[in-house]
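Undergrad: Take this structure first; my questions come after.
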Amino acid sequence: ATCTVFKFSCIFQIKTPTNFTSLHPSLTTNNKTIPHLIMAYQLLTALVMLSPLIKSQPGGGGMGGGGDDTGTTTTSTKCNVAGTSSTYSEYISGDVRIIQASGCANHETICIGKPVCPANDTEAVVYDKNITIPAVPCFNNYNDTSEYEWEGFPVYCLLNSLGIALNGVSFFSPSANTECKDAMGEESNSFDTCGGHAGPTGLYHYHAGPACLIDQLNDSMTVNPDGHSPQIGWAYDGFPVYGAHGLNGEYIEKCSQNTSNSSDCLDNCGGHMQHTIDGFKYHYHIAGPNGDLESSPMYPVPTTSAYPYTFGCFKGIPADWDLIATNNVPDLSCTESGVVDGYEPIAVDGVTELYVGPWQLQTPAPTTTQEEGSSAPTESPVEIQTTDEKSSVGTYGLLFVSLLSVVIITFH
């Protein structure tokens, strides 16, 4: 049997056996049960082939070209596709910063670019995050002896959250899978206009700049006339994360790039300590360019010259290694404080106000309706009928039971 998907429908071409005598000795070519058996066979085959099309959502098990290992979800509640489920708060408790968030974005998160996507809906689910990071980070003593010469503890191939944006969304590493393949090449076709997508368990996250959050913080232009980008989140080692612009307001580049500003450039962890900011001796930048807030999938995306885009390594030491799902917790110690003298940690406000993108404000083209007495055809938007997951599974379950009954009655 074959199935051709056409406009959300499945057209079946089923090759039905012509010889059923091998199935049961009572079945002969003139047996009255043959027509019923053929019908049951065809319908049961159709049901089996439909099963991938009604695969349970959310979770996005059909995610192509990647496989972000996000662990076990804490809830099965879907995030609101428009962005109204976002929550974020933080407070200081002793030497740690405690962050609580829903994990849902404050912007539209329509699933795109995957083999199976819910129609005009999101795959993202609520995670009820409770994250502990250092309130006063320090520099670790990790010494990398690999060919990559990482300038901190390597995290470039860890497939889980490595940081959190101020809207509660996770920052991931630059890798798409356990082979450490580049997420820009493997998965960027599923990045929505705001720059994120959900993993197999429904955890929405960014591998590149969060275009909509950046725009909400007035940092979406190619050159920022105000200079340095604002803070957009935290790394799990306690150091802050900023947008793509350096001190001069231009996109900050890696120090290894020939066109970089040697006094304001990024190491291979994705940050630098060439100047202090907000009391921190070190901070990270999410690589540019910023998304254009029009294209879906997001465009442009960073080129390999900007790798690792988010985090290649950690300069600090996480307060909770379980957050990043590393198999072996390294034995790291502090070599130096990561903050200036007299620094007092303060809680940072989240950015959860609903973001409405420019593409959502565009006026749809008017439709033409048929005038009375006119024989001209009517033009109207195509309505795509969607099916509720529970009712879909229930319907096919009843169909299966009914068909099974037909087969049983046939042979009784």
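Undergrad: May I ask you to give the solvent-accessible area per residue for segment 170-268, in square angstrom, as obtained with a 1.4 angstrom probe?
TA: It amounts to 31 Å² per residue over segment 170-268.
Undergrad: Output the peptides 155-166, 201-212 sorted from most to least packed, where packing is the average of other Cβ atoms within 10 Å over each peptide's residues.
TA: So the peptides 155-166, 201-212, ranked by packing, come out 201-212, 155-166.
Undergrad: A further question on this structure: Near the amide H of LYS181, under 5 Å away, which other amide H atoms are found, from residues 5 or more places off or on another chain, if H is placed in the peptide plane?
TA: ALA176
Undergrad: Determine the per residue accessible area of segment 286-326 with all protein chains present and a 1.4 angstrom probe, expressed in square angstrom.
TA: So segment 286-326 comes to 36 Å² accessible per residue, rounded to a whole number.
Undergrad: Let me ask something additional. Ranked from highest to lowest mean number of other Cβ atoms within 10 Å per residue, what is the order of the peptides 217-225, 323-331?
TA: 217-225, 323-331
Undergrad: Starting from the Cα-Cα distance between SER262 and TRP359, subtract it from 0.36 nm times their residue separation and give me the gain in nm to one decimal.
TA: Full extension from SER262 to TRP359 adds 31.2 nm.
Undergrad: Ok, one more. Peptides 344-355, 292-303: what's the order by average Cβ count within 10 Å, highest mean first?
TA: 292-303, 344-355
Undergrad: Which sequence of SER337, SER256, SER102 reflects their accessible areas, 1.4 Å probe, from the largest down?
TA: Solvent-accessible surface, decreasing: SER256, SER337, SER102.
Undergrad: Of the heavy-atom accessible surface of segment 186-290 (probe 1.4 angstrom), what whole percent is carbon and sulfur?
TA: 47
The values are calculated or read from the model by the stated rules, or taken from the named source; none is laboratory data. Note that the structure is predicted; figures quoted are calculated from it, not measured. Methodologically, a virtual Cβ is constructed for each residue, glycine included, from the backbone with ideal geometry; neighbour enumeration extends over all protein chains shown. Keep in mind that these areas ignore ligands, DNA and RNA; they rest on the heavy atoms of the full protein, side chains included. Shrake-Rupley method; radii C 1.70, N 1.55, O 1.52, S 1.80 Å.
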